[in-house]
Amino acid sequence: MYENLDIITIGEGLVELSSNTSLKFAQIFDKYYGGDSLCSAIAALRCGSSAGYITKLATDNFCEYLLDAWGSEGLDTSHVKLTGGQNGVYFVGKKDNKSEFVFYRRKTAAMSLCIDDIDFGYIKNSKCVYATGFVQSLSLSVREVVREIFKFAKENDILVAYDPNFSEKVTTSTEAKELFEEVSPYIDIIFLNTKADTEALFDTHSIDKVLKILADKAIGASIIREHKNGLHVSNCGCYNFVKYESSRVVDATGWEAAFNGAFLNYYLKGYDTIKCARLANALSMLQIKNVGAIKSIPDKIETEKLYNEIYG
């Protein structure tokens, strides 16, 4: 028997070691976990969705910690595959009021995830699947997994959501375009930002041009985060803009991934896209006030309280 889940994300689980001070001077680190699509899954969970995670996890000294931590959130880990090797680790600190990172994630277990690891019956019992370009770039086998799960989801009327999450430290613009084009026929909802994604994928920062491209590709809903300004929300030709509210930023790590998970949670509950964007914006405003990508994600009560304070 398969559990009927709201959201299934595909990705790489990382160990997060964070400090409120510079990595140069840090003596004590808080242990938690991270990963872009994992962050989205946890945000959806904390807002009230059921969620599952597909990845490969190494049976190293962090394995039990990660499985226990994910399970305590209510994340379904029944389709997390175990293997030898190592899990990825990253450090995050604060220097000159900016986050600093050091990643150790070469040849991690998640990179060995392959199509033979996937039970499509598990996918068939979900409402939404989600992955990122960052996940696609882990390896050729993971890239195939994302493509085939998206294709299967589309064929079975399961919502497909995607964020390219482009970073020039991980991939090139040419590669990012290839990854996007490979899955674009299956995407129902796309999350983008003008700081990196739109230029890398479409060679433009113009919102109008990007919306035209997405419409031509028959991608129904799009959320474009314009740097420092706000959210451009389009759904089946209906357009709205949500201005960013001022908020104190302590650590912006993972805020976009958390936003995506919150948005999908409310979207699956039948809320209109503008309300979904506002609720997700409220969650991300709270998330950036503390250090750590996932441990700082608020719950549904906190999120909806701030939403009501801002938007009435």
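Going through [x] 19.4; [y] 22.3; [z] 21.8, the figure that equals Kirkwood radius over Cα pairs in Å as computed for the structure here is [x].
Mean separation of Cα pairs under 8 Å and 6+ residues apart, divided by the residue count of the range 1-98: what relative contact order is that in percent? That works out to 37 percent. The dipole here belongs to the chain: it is taken about the Cα centre, uses +1 on the Cβ of Lys and Arg and -1 on the Cβ of Asp and Glu, and is about 700 debye.
Our coupling estimate for the range 187-195, obtained by passing each phi through the Karplus curve with A = 6.51, B = -1.76, C = 1.60 and θ = phi - 60°, is 7, 9, 10, 10, 10, 9, 10, 7, 6 Hz, Gly and Pro reported as x.
Take every DSSP beta bridge with both residues inside the range 169-312 and express the antiparallel ones as a percent of the total, to the nearest 5. Beta bridges within the range 169-312, antiparallel portion: roughly 70 percent.
Spatially close Lys pairs in the range 33-158, defined by Cα atoms under 17 Å apart and a spacing of eight or more places or different chains, total 7. Across the cross-link table entries LYS169/LYS209; LYS209/LYS243; LYS177/LYS289, which are compared at the Cα atoms, the separations over 24 Å belong to LYS169/LYS209; LYS177/LYS289. Here nothing in the chain passes the span test, since no DSSP H helix has an alpha carbon length of 18 Å or more along the helix axis and a Kyte-Doolittle mean of 1.6 or above. For a straight C-alpha distance cut-off of 20 angstrom, the aspartates and glutamates reachable from LYS275 (same-chain residues fewer than eight places away being disregarded) are ASP6, ASP163, ASP188, GLU226, GLU245, GLU256, ASP299, GLU302, GLU304, GLU309.
Each residue of the range 109-126 is assigned a 3J(HN,Hα), and the resulting list reads 4, 4, 5, 8, 4, 9, 4, 5, 7, 9, 9, 6, x, 5, 5, 4, 9, 10 Hz, derived from the Karplus form 6.51 cos²θ - 1.76 cosθ + 1.60 (θ = phi - 60°), x at Gly and Pro. The phi-based Karplus calculation (6.51 cos²θ - 1.76 cosθ + 1.60; θ = phi - 60°) puts the 3J(HN,Hα) values of the range 229-242 at 10, x, 10, 9, 10, 10, 8, 6, x, 8, 10, 9, 10, 10 Hz, whole numbers, x for Gly and Pro.
Judged by the gyration tensor of its Cα atoms, with axes a ≥ b ≥ c, the range 97-226 is oblate; a/c meets the 1.5 cut and b/c is at least as large as a/b. Any idea what the relative contact order of the chain is, in percent, if you count C-alpha pairs under 8 Å spaced at least 6 apart? Averaging sequence separation for qualifying contacts and normalising by length gives 18 percent for the chain. Near GLY230, the amide H atoms lying under 5 Å from its own belong to TYR244; only residues 5 or more places off or on other chains count, and H is placed 1.01 Å from N.
Shape analysis of the range 132-208 places it in the oblate category; the axes a ≥ b ≥ c from the Cα gyration tensor give an a/c of at least 1.5, with a/b not above b/c.
Remark on GLY34: its backbone amide H falls under 5 Å from those of LEU14, VAL15, GLU16, a criterion applied only to residues 5 or more positions apart or on other chains, H modelled at 1.01 Å from N.
Readers should treat all values here as calculations from the given coordinates under stated rules, not as data from a laboratory. It should be emphasised that the depicted structure is a prediction, and the values quoted were computed from it without experimental measurement. Don't worry about glycine lacking a Cβ; one is built from the backbone with ideal geometry, like all the others, and counts go over all protein chains shown.
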